[in-house]
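Below you'll find the structure, written out as structure tokens, and then a few comments.
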Protein chains: 2
Amino acid sequence: MDENTIAYRSMEEIKYFQEQLLKLQLRYLDDHSPFYKQLFSTHRIDVKSIETIEDLKRLPLTSKNDLQLYNDDFFCVPQHKIVDYCTTSGTLGSPVTFGLTDADLERLAKNEMQSFQIAGVRKGDVVQLMTTIDRRFMAGLAYFLGLRKLGVGIIRVGSGIPQMQWDSILKYNPHYLVSVPSFVLKLIEFAEQHDIDYKKSSVKGVICIGEALRDKELNNTVLTQRILEKWDIKLYSTYASTEMGAAFTECEYFQGGHAQPELIITEILDDEDKPVADGESGELVVTTLGVQGLPLLRFKTGDIVRKYTEPCACGRNTYRIGAVEGRKQHMVKYKGTTLYPPAMHDLLAGFPQILLHQIEISNNEIGTDEIIIRVSSSDISEEFLNEVKDHFRAKLRVAPKIEFVAFEELQRSVFNPLSRKPITFVDNREA
Amino acid sequence: MDENTIAYRSMEEIKYFQEQLLKLQLRYLDDHSPFYKQLFSTHRIDVKSIETIEDLKRLPLTSKNDLQLYNDDFFCVPQHKIVDYCTTSGTLGSPVTFGLTDADLERLAKNEMQSFQIAGVRKGDVVQLMTTIDRRFMAGLAYFLGLRKLGVGIIRVGSGIPQMQWDSILKYNPHYLVSVPSFVLKLIEFAEQHDIDYKKSSVKGVICIGEALRDKELNNTVLTQRILEKWDIKLYSTYASTEMGAAFTECEYFQGGHAQPELIITEILDDEDKPVADGESGELVVTTLGVQGLPLLRFKTGDIVRKYTEPCACGRNTYRIGAVEGRKQHMVKYKGTTLYPPAMHDLLAGFPQILLHQIEISNNEIGTDEIIIRVSSSDISEEFLNEVKDHFRAKLRVAPKIEFVAFEELQRSVFNPLSRKPITFVDNREA
């Protein structure tokens, strides 16, 4: 199958292999990237002097702000070479345009082919895509290209509409779904309401995107537990972004998402931009390999993750990246504890009584962070409120302020028509 | 550019070329299609005896009903060879599944590459796709594959949302759009309301799908006229369907959509399944060439079209297929005249006062067809009603019954949540 890929070589071979690609990419940036050419010149850097992954730290970091301010200067090819125009979703700040050449689309296909292989998808399987290929999103297209390259049957349903998803599942018998995990909960709910025998369906696994399946100890999150209690399937996490053009995907041993060495070099840095120890959390910084259109060098993703380097039972000698614990800009300092919204979202997901919630962060008078969680719940008793707070104390060591709010009111605020995504986190802190 | 394609050879060479492909496809059907194998056997047909396009008429026709009843028997490859699952929209009857192999996707890419070339799109252009690639639709994916093969920049926006479409147009400066023509009217309206200087935008042409741009004399429809009065761009019609896996696209001379000889053989038949003369209207019957997954032989599309064989100034020696004048099952016999809904829809589109309409056909007591057009209009005067009726008499030779209806009432009926498309035609006749 894929035993010939670089992932099965020794860690030394992988490192040497990556360094050859790194040198090529640096030369390419020096020749074609207006932004990096300028950066190298300003910092008097001779790219030929960068030969190892350790040397990388001599190069400046690239921020999301650079990408937003100088978007055009990051393009390394003339416009007529760009085949596909993608836009980042702009979760933070204004959206950025990514242009992919034909070779980049091939690289993207290879990335997703290998990503699906890591999750165990094989030629001849059938996969149902529950994510859009439209709206200038990179992911949906990447899945399609990768699955086609792998020789898999593809059902392009797009996102949402449980009825349509089930019609397709029952008609085409897919072995795998690609979905946001919280939508899998919706599928189960719909099946229960409409007497669909989902436990006997063809689905044996879901490749999950957009939300964390594991916590920092690689244990199942509450969301994952809720799905698995209902449905005996495998949930594989895949973590990727437009900027990286590479996915980190879990194998059958669920020890974090395996890196693909030919596509990306990663670093995990602390608040002072120093490397953290393996297993410690920090900001993911990426250097893309083999990208033609818009390659990035030491790009700070803002995502807080951990790197796991213990050998994996699957036989791949690649390190893994854990679930995104939070975004750097979303970090909350609360009563001496560092919190990120995903852990709070997941904790709230454990209460079926909670229909909708929104976390709001602000500065208080004494200059520290204040958390208010607005909750719409079917149970608004004092007992339930205390139960939720106790859970917070047990899991996250602190209990924020929680307010019950009417469903309609909260719905208006969460599902703002001007936003592409539900607004479950509001940051009112001054920068 | 594309001067080497078969379209530029002599008509005799094209015919000979098609006949070689036809023979290959017939052998393939005889070897791999459970449905056609059975059909050949029942009718004691030796496929080797079919050598010319004229011989085709000795073969039985295939109906939409066959495809619905025996969908699985039409598949010529085992399931693991199917890469993409498409579903017909089921405008009439229940949806049918089409499975495409990897080679079929390549054929589809070639089809759309050539289709865009016929409309004048060239390598290095940028094209904005205003149609979905999700929902198991074939068309959106076909456009993407074809444009990529052509080396064109692609902006995958998906359907609807004028604001998002304009954001993309102003940011990425596409030269062409792919859109339903009535949505182009919506884009113009939005631009006027939001002070977007659309007349100075980058757009120079629209590849129009789903609605007719020309009438049977190849003159502009009212819809086309309304767009062109506002916006000085080129509107190219492209006509295709999932069943055909081939597009008929207008060149710069707008003399009907050019056929692509390597992809399809067409016949146009009358009510007794006899060929009509060139230029006369009849039902389009297609035989697909080079299809692996689900090829069709003499398939009755139900679409009423005309074939134009006069030489085209573009230099291609291929015949053209005109706009779809109607669907066979939608034919209305009214006061001695044959009518199809598209002509009525287009006539009504000429009145900006008419906000929404729905055509309803039923049998009357004496067994002939009755037409009632329910109209929601900003002008409900007797004078306006007479003006509309006079237009019907002038253009279609008859005036049906017209009723003014409140907007909300008609809206509920036209935009039925259970339907994928607006319901502007209701057929209450007994079969």
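What follows draws every value from the coordinates through simple rules; no lab data is involved. Just so we're clear, the structure is a prediction, and the values are computed from it rather than from any experiment. FYI the Cβ positions are ideal-geometry reconstructions off the backbone, even for glycines, and counts take in every protein chain you see.
What to note about this one:
- In sequence order, calculated HN-Hα J values of segment A:243-259 (Karplus, 6.51, -1.76, 1.60; Hz; x Gly/Pro): 4, 7, x, 8, 10, 10, 10, 6, 8, 5, 9, 6, 10, x, x, 5, 6
- Amide hydrogen neighbours beyond the local backbone of residue A:246, cut-off 5 Å, H modeled: A:241
- The simple spin-label model puts a point 7 Å past each Cα toward its Cβ; for residue A:170 and residue B:398 those points are separated by 4.2 nm.
- Set A:230/A:328; A:48/A:421; A:48/A:110 screened for pairs whose C-alpha atoms are more than 32 Å apart: A:230/A:328; A:48/A:421
- For the A-to-B rotation axis, chain A residue with nearest beta carbon and its distance in angstrom: A:133, 2
- Listed pairs B:200/B:395; B:64/B:333; A:333/A:395 exceeding 27 Å between Cα atoms: B:200/B:395
- Label points for residue A:194 are taken 7 Å from Cα along Cα→Cβ. From this copy to the others they lie 3.4 nm apart, shortest first.
- Potential extension, residue B:253-residue B:70 segment - 0.36 nm per residue separation minus Cα distance: 61.8 nm
- Distances between copies at residue A:72, taken between label points 7 Å from Cα along the C-beta direction, are 5.8 nm in increasing order.
- Each part gets one Cα centre, and for segment B:376-394 versus segment A:149-225 those centres are 53 Å apart.
- Placing dummy labels 7 Å off each Cα toward the beta-carbon, the span from residue B:387 to residue A:52 is 8.3 nm.
- Arranged from fewest to most other beta-carbon atoms within 10 Å of their beta carbon, A:391, A:43 become A:43, A:391.
- Relative contact order %, chain B, counting alpha carbon pairs below 8 Å whose residues are six or more apart: 13 percent
- Other-copy label distances relative to residue A:380, 7 angstrom Cα-Cβ extension, nm: 4.3
- The order of B:5, B:249, A:42, B:52, going from fewest to most other C-beta atoms within 10 Å of their C-beta, is A:42, B:52, B:5, B:249.
- Charge dipole (Cα centre; +1 on Lys/Arg Cβ, -1 on Asp/Glu Cβ; no other charges) of the protein assembly as shown amounts to roughly 1040 debye.
- Between the alpha-carbon centres of segment A:93-121 and segment B:34-109 there is a gap of 34 Å.
- Residues A:11, B:344 in ascending order of nearby Cβ atoms (within 10 Å, fewest first): A:11, B:344.
- Spin-label pair residue A:428-residue A:163: with each label point 7 Å from Cα along the Cα-Cβ axis, the two points sit 4.0 nm from one another.
- Taking max minus min of the alpha-carbon positions on each principal axis, segment B:168-212 gives extents of 28, 21, 15 Å, largest first.
- Between the beta carbons of residue A:122 and residue B:329, assuming R0 = 60 Å, the FRET efficiency works out to 0.85 to the nearest 0.05.
- For segment B:32-86, trypsin sites (Lys or Arg not before Pro) meeting the loop criterion (DSSP other than H, G, I, E, B) and having at most 11 other Cβ atoms within 10 Å: B:44.
- Exposed-site-free run, longest, chain A (rule: GluC sites (Glu not before Pro); DSSP loop; at most 11 other C-beta within 10 Å): A:4-216
- Computed on segment A:331-427, the Cα convex hull volume stands at 106 Å³ per residue.
- Rounded to whole Å, the principal axis extents of the Cα atoms in segment A:1-328 read 67, 43, 37, largest first.
- A cut-off of 5 Å between modelled amide H atoms, ignoring neighbours fewer than 5 places along the same chain, links residue B:425 with B:359.
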